[in-house]
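To start, the structure itself, in structure tokens.
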Amino acid sequence: MNHRTRSILSFLGIVASLAVIWEGYKWMGQTTGGTWPYTTVRLPIRTNARSMPHLWDIAESLFQPARRGGEDILLVILLRSAWFTFRSAAGGFLVGSAFGFGLGILFVRSSIAERGLMPYVVASQTVPVIAIAPILVIWGGRLGLPQAVQVAVIAAYLAFFPVAINTLRGLRSPAATATELLRSYAASPAQQLWKLQVPAALPFLFPALRIAATASIIGAIVGELPAGLSRGLGRAILGFASSFSSAPEKLFASVAVSALVGILFVGLVALVERSVVPPNRRVTVDAERPLA
Amino acid sequence: MTPTISLDNVSMVFGSGTDAVKALEDIDLAVQPGEFVSLIGPSGCGKSTMLRVIGDLISPTEGIPHVNGKSPHQARLDRDYGMVFQSATLLDWRTVLENVALPLEIMGVDRPERDATGRRMLDLVQLDGFANHYPWQLSGGMQQRVSIARALSFQPSILLMDEPFGALDEMTRERMQMELLRIWEETETTVLFVTHSIAEAVFLSTRVIVMSPRPGRIVDHIDIDLPQPRGFDTREHQRFFELITVVREALRAIENESP
């Protein structure tokens, strides 16, 4: 069995185990009447059809019309929303990552810029995106930006931070002797950057890009709400959340589709990483997780 | 004849005030073209600092170094130095050949020429056949040979070597010493070599400079009058042992001086 089949099998195994845990917990709750077996201690989450719909009900809801009398099944609607959200997220990811990378280069070249700007960069991430999104949307609207672009800006706002931090770290990673070596060849600052620092930073950059990918999806979903968009996953989630009590499985289904979009996006980044960074150069980086 | 390297009254102080550490004091040194000079002394005697002053990695607080009749800064811009450190410092995303050709790439030499030169250098250190390997696929000794090939690739007139064989095992070390001597003869470079090993200094050098610590000072010049070219039988030469004793006694004299 090669490495690839093994990882696919283990992935499927985990999905299957999670499904068994979900349904098993539900079955246990139904049998005991909502308590841990042989006790009167209540289960933390109720197991009725509203709190925890059966997985097959969630799956089934995907193939039924989303609205009474509607033409499109839920899956089509969610995929359409997901595609819309993904485009904003991908745009924000690209712009945000490029900006973060540029910021990393600026900081490594100028300690004055780093000292002066870093606090603001950090502060930008402590402000919840829910607060910042309406502001960006109002500014974007004033500038006449299309709504999808406004959403992309919010996605970029979340994506740039991990990339900036890890780029900076990666650019600083070469050993002092390596820097001295290039100095001894009278390398220009640009040559130092592109022949030593940037290649050395690549293994640090990709873990950050993976985080930026998920962050940009979150940014896009959250950003869609104040932008007042009628399309997109954020809108869909909000809609199904309000009808949660009557059709909980639709909300769960849209959460699952959102998660899937994130996983696919990260997979896409990992695919690029595989072709750019050889396996022996990958580093594990505990990159800072941005706040959504 | 202008010396390749000359230091006149060079001093180097790190830090200031009460924390100031005098790393080098009143260093006078002249190295003639084609010499192989070793710097030896206990830790903290400033031998690496001296190498870094000459290589323009740091500027001395006092005194004027000259390299090929120029300032070290100008000599660096003219690419007069090839440097080899204790760690091979190869770039692990580049193949062996790309590592060797890195200085040429920085100098703007075009690809066919730098590949050809790189391959010639790999021949010189007997690593032909490893051009397309990556550094992590090589042993420590082979990596250090690559770093020597890299230092020689642009034909610098001076090789500055900071304990280049310090991390190697005894067998590899002796083989590398032989190779270095062969390369030194073939390329006619001037070598300044920092080491901790008395035997290594005596075996390789035309002159050994003994330094004392705190502050770093030159206390002795010992001419190594062993016949050239040196070979495996040099280590069994009567004179070899005599000179080792001379260097050892010079080093012991320092120890007795300092409390």
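Side notes on the structure shown:
- Screening region B:192-215 for residues that are over 20 Å from B:Met83 (Cβ atoms) and not hydrophobic (A, V, I, L, M, F, W, C) and picking the one that is surrounded by the fewest Cβ atoms within 10 Å (Cβ to Cβ) gives B:Arg214.
- Members of region B:74-88 that are facing chain A (nearest Cβ under 7 Å) and either within 20 Å of B:Thr190 (Cα to Cα) or surrounded by 24 or more Cβ atoms within 10 Å (Cβ to Cβ) (or both): B:Arg76, B:Leu77, B:Arg79, B:Tyr81, B:Met83, B:Phe85
- B:Gly108 passes every criterion in (1) loosely packed, with under 14 Cβ neighbours inside 10 Å; (2) more than 21 Å from A:Leu181 (Cα to Cα); (3) not hydroxyl-bearing (Ser, Thr, Tyr) apart from (2).
- Residue match in region A:140-160 (condition: buried (at least 16 other Cβ atoms within 10 Å of the Cβ), within 14 Å of chain B (Cβ to nearest Cβ) and not β-branched (Val, Ile, Thr)): no
- Of residues in region A:165-216 being away from chain B (no Cβ under 12 Å) and among the aromatic types (Phe, Trp, Tyr), the one farthest from A:Val151 (Cα to Cα): A:Phe204
- Test: residue in region B:93-100 that is at pLDDT 90 or above, assigned to a helix (DSSP H, G or I) and closer than 17 Å to A:Pro174 by Cα: yes
- Flag if B:Val100 is without any contact (Cβ under 8 Å) to a residue 60 or more places away in the chain and either more than 12 Å from chain A (Cβ to nearest Cβ) or aliphatic (A, V, I, L, M) (or both): yes
- So A:Gly228, is it on the phi > 0 side of the Ramachandran plot and more than 14 Å from chain B (Cβ to nearest Cβ): yes
- In the set A:Phe265, A:Phe244, only one residue is at pLDDT 80 or above, assigned to a loop (DSSP other than H, G, I, E, B) and among the hydrophobic types (A, V, I, L, M, F, W, C); that residue is A:Phe244.
- Residue in region B:71-80 that is at pLDDT below 90 and either among the acidic types (Asp, Glu) or touching an Asp or Glu at 6+ places or on another chain (Cβ under 8 Å) (or both) present: no
- Count of region B:71-97 residues which are of a type in the set (Asp, Glu) and under 19 Å from A:Ala186 (Cβ atoms): 2
- Looking across region B:18-60, the residues that are of a type in the set (Val, Ile, Thr), touching a residue at least 40 places away in the same chain (Cβ under 8 Å) and either out of contact with any strand residue (DSSP E or B) (no Cβ under 8 Å at 6 or more places or on another chain) or within 14 Å of chain A (Cβ to nearest Cβ) (or both) come down to B:Thr49, B:Val53, B:Ile54, B:Ile58.
- Verdict on A:Glu60 being part of a loop (DSSP other than H, G, I, E, B) and charged (D, E, K, R): no
- Residue match in region B:9-16 (condition: among the polar types (S, T, N, Q), touching a residue at least 12 places away in the same chain (Cβ under 8 Å), under 22 Å from B:Ile158 (Cα atoms) and crowded, with 23+ Cβ neighbours inside 10 Å): no
- On the stretch given as region B:135-162, residues that are within 12 Å of chain A (Cβ to nearest Cβ), under 20 Å from B:Ser205 (Cβ atoms) and assigned to a loop (DSSP other than H, G, I, E, B) total 1.
- Among the criteria (1) without any contact (Cβ under 8 Å) to a residue 12 or more places away in the chain; (2) of a type in the set (D, E, K, R); (3) part of a loop (DSSP other than H, G, I, E, B), the one A:Arg6 does not fulfil is (3).
- Any hit, region A:238-246, residues being crowded, with 18+ Cβ neighbours inside 10 Å and over 20 Å from A:Gly104 (Cβ atoms): yes
- Residue identified as facing another protein chain (nearest Cβ under 10 Å), surrounded by fewer than 19 Cβ atoms within 10 Å (Cβ to Cβ), within 24 Å of the chain's Cα centre (by Cα) and over 11 Å from B:Ala151 (Cα atoms) among B:Asp123, B:Asp92: B:Asp92
- When A:Glu273 is tested against (1) within 14 Å of another protein chain (Cβ to nearest Cβ); (2) over 30 Å from B:Leu57 (Cα atoms); (3) buried (at least 21 other Cβ atoms within 10 Å of the Cβ), just one condition goes unmet, and that condition is (3).
The values are calculated or read from the model by the stated rules, or taken from the named source; none is laboratory data. All figures in this text were calculated on a predicted structure; none of them were measured in a lab. Using ideal geometry, Cβ is built from the backbone for each residue, glycine included, and neighbour counts are taken over all protein chains shown.
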